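Heads up: the structure comes next, in structure tokens.
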Amino acid sequence: MLFLKPIKSHIKKTYRAILSVFFFSAALIYLISWNGTSGENYRNIIRSDGYGYYDYFPMLFGKNPIDKQKENGVYLLKTPEGKVVNKYFIGTALLQSPFVLSVSAIKSIFNTDIDFHSEIFQKTVSIAALFYLIIGLIFLRKLLLLYEIENHIIEFSLFSVFFGTNLLYYSILEPSMSHVYSFAAISVFLYYVKKLSIEFTARNMFLTSFIFALVILIRPINILIILVLPFILGSVSSFINLLSRIFNHIRYSYISLFIFIITLSIQLLVWKAQTGSFIVWSYANEGFYFNKPEILNFLFSFRKGLFIYSPFVLVSILIYIISGRKNRQELALSIGFIFIIIYVLSSWWNWYYGDSFGSRVFIEYLPVIVLLLAIGLKYSGIILQRISVLLLSVFILLNLMQTYQYHHNIISHFDMNSEKYFYTFGKIDSRYENILGGNDDIVSFHKQPLVCVIDKEVDFKKNKNNSLIVSSKIIDNKTIQFEKQEYGLSYFLPIDSLIRFRESYLEIENSTKLLSGNLDETFWTITYLDSTKKIYNYQKIKINAIPAYKGKQRHDIYKLRVFKPFHNNDLIMLSIWNYSKAEFELSNLKIKISGIIQ
């Protein structure tokens, strides 16, 4: 398979790549997702955004009424009318429901208490994700067969998309996220669209309509997949011709539309039960910056760049472009679709989409990339094929290494940069786990410019408004020296300014020079105290992005979202906690505070 040797047409088609993925995934699920070193890794199967997607089960079938849910500020948000709505669409839960509700029904039969976050339900989510991963690969294979792609190319394409991208991570290690479900649904949808153009039947029309509605219910932005249909069908005229055939069958068209609307109405009914309204904008205080998309960052940033963490995508596109195929319209349609997807995804206010391994939001569109790869290999000469296989094999190894690093917290989950990337590259030893420091929060979606209330360089010899406490050795106005003591610097943030902001942001800029010891356990901390000096919130970030070298000065910038104070008489204290008791100099300290007005 790896050398793409030509095979005779009479050789029976196999599912070797899919079987390899299945057995590898099943082993990984059992050994890591379910057990791990503690034997209780299953407790973390449902996490992050997965809580929101999965929350429909306890919400709809649990003890608390659906219209009495409590806001949590993460995925259960308040509407302007004061109601609470789950910001995520119900599609992921719908696909999980045959598995989750089957377990629930069995437990009910035996009169067992139902805890939707217990071990059996957590493991059920893993099984559901694996099922849809395999479904996605099977239908992707069926789609490639409709293009008369040779079986050895199909096997290599399926093998490489799983092992060479973050599809592996989000199928096995974070299965509660929506991405593998989108991958599966879009693979099935594209297959039935192509099949409908070949076998125009009522059954294919109805299935296509139903699956398209599911695609949208999983993630509403998935509706953009419709833009790739002219390419899937071969040309714009073929797409128009298919639409014409659909509209000419009025009865079937109405039934298909009815199926589509009924399927989508599931979300509307849930919104009605939650809020009393059929239509809700559930993504409060979030949106797109269409006038300033972060395209270069989205593609090439060491933070989450698509081509950096999934070079499989870039190589596949290049193979398709430089292969022997010379159909300009298909080329324009495919590249045009990819550009639109990149433009829209990079326009989201949080272009890197929070804690994630690579650009997770592109997993949905990997079926299109696999199709480009397979077509490109089909029309490539043997030399280009072998070069392509060699490159993709290298990137498969890269992806496996980085998946391991991400899972073990060797690379940062949200704020990687070029310095951190090259420092950790190739490192898999346990001593590098949680080694990185720094912080780089993005400012939340806002329509008005940020209001800046402080932007200054701290003078260690002056103390205006009693906001500064220095108990370290003062070298000069810009430099202090920690002499192996835990605490030596505190700065009080202005409560009156922070309390009027919807969200506040702190930017700290400083230089450090290690004199002795190490700074592995030295932090910038933010402590929130009420009027009785009782701590009600606490944040800390490791002081250096990468470990400091003795005698070498380095410069760091930290950006973080500040917790909103409750009262005007609260205190917010920014401090250095030198738990390492290292001896070091801190200099050129600058503090900037800004916020989003209510």
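Each value in this text was obtained by applying a stated rule to the coordinates, not by laboratory testing. All of these numbers come straight from a predicted model, not from anything done at the bench. So basically every Cβ, Gly included, is an ideal-geometry build from the backbone, and we count neighbours across all protein chains shown.
Taking trypsin sites (Lys or Arg not before Pro) across the range 28-108, the ones in a DSSP loop with at most 16 further Cβ atoms lying within 10 angstrom of their Cβ are ARG47, LYS63, LYS70, LYS87.
Would you mind checking the pairs LYS420/LYS564; LYS484/LYS540; LYS540/LYS590; LYS83/LYS534 and listing those with alpha carbons more than 22 angstrom apart? Could the numbers behind the result be given before it?
Details: LYS420/LYS564 30 Å; LYS484/LYS540 19 Å; LYS540/LYS590 18 Å; LYS83/LYS534 32 Å.
Distance filter (> 22 Å) returns LYS420/LYS564; LYS83/LYS534.
Across the chain, Cα-Cα distances exceeding 35 Å account for 47% of all pairs.
If you stretched the chain out fully between LEU391 and ARG16, how much longer would it get, using 0.36 nm times the residue separation minus the C-alpha to C-alpha distance?
Numbers: separation 375, 0.36 × 375 = 135.00 nm, distance 2.14 nm.
Value of the extension gain: 132.9 nm.
Using the Cβ-Cβ distance between THR201 and GLU71 with R0 = 41 Å, the FRET efficiency computed as 1/(1 + (r/R0)^6) comes to roughly 0.30. Each residue of the range 78-88 was assigned a 3J(HN,Hα) from its phi angle through the Karplus curve 6.51 cos²θ - 1.76 cosθ + 1.60 (θ = phi - 60°); the sequence is 7, 7, x, 8, x, 7, 10, 10, 6, 6, 8 Hz, with glycine and proline shown as x.
Given a Förster distance of 35 angstrom, what is the FRET efficiency for ASN64 paired with LEU450, based on the Cβ-Cβ distance and rounded to 0.05?
Numbers: r = 38 Å, r/R0 = 1.08.
Calculated transfer efficiency: 0.40.
Sorting 273-282, 426-435 by their mean Cβ neighbour count within 10 Å, with the most densely packed peptide first, gives 273-282, 426-435. Shape class for the range 110-188: prolate, because the ratio a/c of the largest to smallest gyration tensor axis (alpha-carbon atoms, square roots of eigenvalues) is 1.5 or more and a/b beats b/c.
Here's the list of aspartates and glutamates a cross-link from LYS592 could span, going by alpha-carbon distance under 17 Å and ignoring same-chain residues fewer than 8 apart: ASP440, ASP441, ASP455, GLU457, ASP459, ASP496, GLU503, GLU507, GLU509, ASP556.
Among the GluC sites (Glu not before Pro) in the range 67-170, those placed in a DSSP loop whose Cβ has at most 10 other Cβ atoms within 10 Å are GLU81, GLU148.
Need one number for the range 535-586: average projected area of the convex hull over its C-alpha atoms, nm².
Working: hull surface 19.7 nm².
Averaging across all directions leaves 4.9 nm² for the Cα convex hull.
Under 19 Å of direct C-alpha separation, and excluding same-chain neighbours fewer than eight residues apart, LYS70 reaches these aspartates and glutamates: ASP49, ASP55, GLU81, ASP115.
So what is the 222 nm mean residue ellipticity for the chain from helices alone, if each DSSP H run of at least 4 adds -39500 (n - 2.57) and you divide by all residues, rounding to the nearest 500 deg cm²/dmol?
Values: 20 runs with 263 residues, N = 598.
Here the helix-only value at 222 nm equals -14000 deg cm²/dmol.
Give me Rg over Rh for the range 451-597, both radii from the alpha carbons and Rh done the Kirkwood way, two decimal places. Before the final figure, lay out the partial values.
Details: Rg = 15.0 Å, Rh = 15.7 Å.
Answer for the range 451-597: 0.96.
Phi angles of the range 133-149 translate, via the Karplus equation with coefficients 6.51, -1.76, 1.60 and θ = phi - 60°, into HN-Hα couplings of 4, 5, 4, x, 5, 4, 6, 5, 4, 4, 5, 5, 5, 5, 8, 6, 7 Hz per residue; Gly and Pro are given as x.
How big is D for the range 211-276, in µm² s⁻¹ as a whole number, if Stokes-Einstein is applied with the Kirkwood radius of its Cα pairs at 10 °C and 1.306 mPa s? Display every interim value, and only then the final one.
Working: Rh = 13.6 Å.
D = 117 µm²/s.
Both radii were evaluated on the Cα set of the range 379-474; the Rg over Rh quotient, with Rh as the Kirkwood radius, amounts to 1.24. Put simply, the amide H of LYS473, placed in the peptide plane, has neighbours under 5 Å in GLN481, GLU483, leaving out anything fewer than 5 places away on its chain.
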